[in-house]
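Take a look at the structure below.
The values are calculated or read from the model by the stated rules, or taken from the named source; none is laboratory data. As the structure is a prediction and not an experimental result, all values here were calculated from the model. We place every Cβ from the backbone using ideal geometry, glycine too, and count neighbours over all the protein chains shown. These area figures cover heavy atoms from the full protein model, side chains too; ligands, DNA and RNA do not enter into them. Shrake-Rupley method; radii C 1.70, N 1.55, O 1.52, S 1.80 Å.
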Amino acid sequence: MSKLFPHLFQPLQLRHKTLKHRLVFGAHTANMAEAGLPGERHLGYYTERARGGAAMIVVEPVPVHRTGVLTRGNFRHEDDSIVPAFRRITEACHAYDTVMIQQVYHVGQHGDADNSFEPNWSPSGRPSYHDSDGSHAMTGAEVEEMIESFVQAARRARESGFDGIELFANYHGLIEQFWTPWSNLRDDEWGGSFEKRMRFSSEIIRRTRALVGEGFIIGLAVSVDTGAQVANSLEVLQEIVAWHDERGLMDYVTCGTGGYFDFAQLIPTVVYEDKLGANLAEALKRVVSHAKVQAESHIRTPENANTVIGSGQADMVSIVRGQIADPHMAAKAMEDRPEDVRPCLSCNQMCWGRRFRDYWISCLINPSSGREYLWGGDRFTPAEQPKRVLVVGGGPAGLEAARVAAERGHQVTLAEASDQLGGQFRLAGLQPRRAQILDLIAWFQGQLEKLQVQVRYNTPLFDLAEVEAFGADVVVLATGSLPTGTGFQRALPHLETLPGVERGNVWSVEEVMGRAARLGKAVLLLDDGANWRGSGTAWHLAEQGHAVTLVTPSPVVAKELERTAVDGPLRGRLKGLGVTFFTESALAEWHGDAATIRDLLDGSERRLPFDSLVLATPNEAETTLHQALDGSAIEVRSIGDCVAPRQANLAIYEGRKLGLAL
Ligand SMILES: Cc1cc2nc3c(=O)[nH]c(=O)nc-3n(C[C@H](O)[C@H](O)[C@H](O)COP(=O)(O)O)c2cc1C
Ligand code: SF4
């Protein structure tokens, strides 16, 4: 029994099931179906979280109706062929004593016709907030058809071996559209009074219960979206939840944040505080006497989860991204080893960032997410032949390669040129609100110590003799990338060098974040990539009191971060700090104390004074050591930015892949 988390690791009775503790792996679209069926990827993904100790898993939602197909990886709707495929998953997870729930959903007016090829059905024909389409106001017969679709989805879930379902009544999905006066303008028996607006959800539940019987959990997922006046307020939601609870309709209720009006809060990134949804759960707990209440949204850690339960805010807690990042979070916490939990970055880069683009999800820091069926989770097969491995470079690629190689029994030395681990990722961790990256680097450091990896700091390696002195069987090059200093911009590819870059007062992002730059008050930041590198540095500089102007070829600032749902809040912070934006623009010339900015739409130019120029432009691979070792007898493998400058996810992916192959 855990001494550190006594509240979290208490059992909980949920209808006919006893959860072994209170930590749940909540609902999320992993988008992993193959030909509409859960396959090996899906099986491996969920089984790993069950093996890792999750008390309850809410499996990725199934669309209940042909008009509700939302993603390429959705499961077949209205089709019993999913039943045997899901049975494999429920059976595999039940073997770990995990309660298995399936979410069932329909997003109503906010559908995706590119995937469904159907009009979006809704209560009253309100427009989509997913794209620019309108929707179809359902007839009475269509409402009946939809209710029956929900009921049949529940039947399939029961036949698939699930212990219950979770109804998607959150984020202004179809059920919430019926609850909300703005989206339910009907004057028949499905709209008008409060009671009539509740009828759609209560009929689904009553008819489901009649079909599936008493031994089946029915949960309700709700949410509070503060992003629009027309969304239900917390007080209204309390009334709705209390109404359902008085009638004993649901066994539990889970409350998310945000929704289709304010998507940024739905999967909150670093700009939001921890335990974002805990207060909402607490408010719902005050109005229910029957249902259990689950807190969710940025609960993040076992420590937070234990506090939420201990303070009585909720009966159970969902941590989604934390368990994507570390499938064994529950087991490690239960064994009082929270320092071993690989800490999620709240970055959304590879989970929501991939779902947003309709790929199956993975994780920046845990590339085995979605590849468990190939790689296992964090369970490593010992190497057949232990080797002496030298890893050169302690950035994300080198750290992961060293860790995994050591896990497999190799004798690993890591040579790092500086006096700290993390490489450029550490610099990213120094940007505002991004200190979770520093926590991850500390986690790597702790793991390397436990695995007895020898870390040699201040050890830059330049030539063959220096490398040979280590006597390694294999040398892994993870030497990263460097700024070019040329000011090359993608928007002006005919210019190898920014005209005037040699006139001085020009610094790289790396020099700025590494505190090597001497900047004047007025700073021009050239953000070629429209991602964290540029806009995070602009934020840092603006917080330091600089007057920052950001020039980007992109149509909006931080466009590359749209997929992670942080771009809007980030632009808001920059604007609040007085940062000036020039979008769809490039730098025609640097004058040492001024810049000529070109509008890429009409070619017009204007000269503005600045003290300093900061370049967030493409890096180049650092290949000095690779060239020095070329042609030698040493076995050399290169990973990460020294192969091609990219983001950290591919560095860690390549580190893991190589560590598994050595
Ligand atoms: C990739 C991804 C997909 C999601 N899809 C769903 C979904 O289909 N249904 C749902 O109710 N919530 C969904 N969510 C929201 C999560 O249930 C949860 O509320 C959110 O991730 C915040 O919790 P966390 O901080 O523990 O990750 C999704 C989250 C992620 C990361
Ligand atoms: S991609 Fe980022 S936010 Fe998503 S689970 Fe991994 S670390 Fe967490």
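With respect to His16, is the statement that it is at pLDDT below 95 and either touching a strand residue (DSSP E or B) at 6+ places or on another chain (Cβ under 8 Å) or open to solvent by less than 10 Å² (accessible area, probe 1.4 Å) (or both) true? Judged against the criteria, His16 is not a match. A count restricted to region 251-267 and to residues that are within 21 Å of Ser318 (Cβ to Cβ), in a loop (DSSP other than H, G, I, E, B) and touching an Asp or Glu at 6+ places or on another chain (Cβ under 9 Å) stands at 5. All but one of (1) part of a helix (DSSP H, G or I); (2) open to solvent by 10 Å² or more (accessible area, probe 1.4 Å) hold for Leu237, so report the exception by its number. So the condition that Leu237 fails would be (2).
Count, please, the residues in region 418-452 that happen to be in a loop (DSSP other than H, G, I, E, B) and either in contact (Cβ under 8 Å) with a residue 60 or more places away in the chain or in contact with a Leu (Cβ under 6 Å, 6 or more places away or on another chain) (or both).
In the first step, residues of region 418-452 are kept if they are in a loop (DSSP other than H, G, I, E, B); the result is 418-422, 430-435, 451-452.
Filter once more, keeping what is either in contact (Cβ under 8 Å) with a residue 60 or more places away in the chain or in contact with a Leu (Cβ under 6 Å, 6 or more places away or on another chain) (or both): 430-434.
The total comes to 5.
The C-beta contact set for region 244-270 (first residue within 16 Å of ligand 2 (Cβ to nearest atom), second residue small (Gly, Ala, Ser) and not in a loop (DSSP other than H, G, I, E, B), distance under 8 angstrom, 6+ apart or interchain) comprises Gly256/Ala221; Gly256/Ser223; Thr257/Ser223; Gly258/Ser223; Gly258/Ala264; Ala264/Gly568; Leu266/Ser223; Leu266/Gly256.
In contact with a His (Cβ under 7 Å, 6 or more places away or on another chain), of a type in the set (D, E, K, R) and within 14 Å of ligand 1 (Cβ to nearest atom) - does that describe any residue in region 76-95? It would help to see each step written out before you state the result.
So the first thing to find is which residues in region 76-95 are in contact with a His (Cβ under 7 Å, 6 or more places away or on another chain), and the list is 77-78, 89.
Those still in the list that are of a type in the set (D, E, K, R) too: 78.
Cutting the leftovers down to within 14 Å of ligand 1 (Cβ to nearest atom) gives us none.
Looking for residues that are in contact with a His (Cβ under 7 Å, 6 or more places away or on another chain), of a type in the set (D, E, K, R) and within 14 Å of ligand 1 (Cβ to nearest atom), one finds none in region 76-95, hence no.
When you look at Ala383, is it within 22 Å of Gln447 (Cα to Cα), in contact (Cβ under 8 Å) with a residue 60 or more places away in the chain, in a helix (DSSP H, G or I) and small (Gly, Ala, Ser), yes or no? Give the derivation first.
Working: within 22 Å of Gln447 (Cα to Cα): yes; in contact (Cβ under 8 Å) with a residue 60 or more places away in the chain: yes; in a helix (DSSP H, G or I): no; small (Gly, Ala, Ser): yes.
For Ala383, the condition - within 22 Å of Gln447 (Cα to Cα), in contact (Cβ under 8 Å) with a residue 60 or more places away in the chain, in a helix (DSSP H, G or I) and small (Gly, Ala, Ser) - is not met.
Just to be sure, is Glu144 without any contact (Cβ under 8 Å) to a residue 12 or more places away in the chain, surrounded by fewer than 19 Cβ atoms within 10 Å (Cβ to Cβ) and more than 16 Å from ligand 1 (Cβ to nearest atom)? So Glu144 passes the test. Scan region 40-58 for residues that are open to solvent by less than 10 Å² (accessible area, probe 1.4 Å) and not hydroxyl-bearing (Ser, Thr, Tyr) and the total you get is 11. So, in region 231-280, of the ones that are charged (D, E, K, R) and under 24 Å from Val99 (Cβ atoms), which residue ends up farthest from the chain's Cα centre (by Cα)? Among those that are charged (D, E, K, R) and under 24 Å from Val99 (Cβ atoms), it is Arg247. Selection within region 319-342: residues that are open to solvent by 10 Å² or more (accessible area, probe 1.4 Å) and within 14 Å of ligand 1 (Cβ to nearest atom). The member of this set that is nearest to the chain's Cα centre (by Cα) is Arg321. Is it true that Glu78 is among the charged types (D, E, K, R) and closer than 22 Å to Pro327 by Cα? Here the answer is no, as Glu78 does not meet what is asked.
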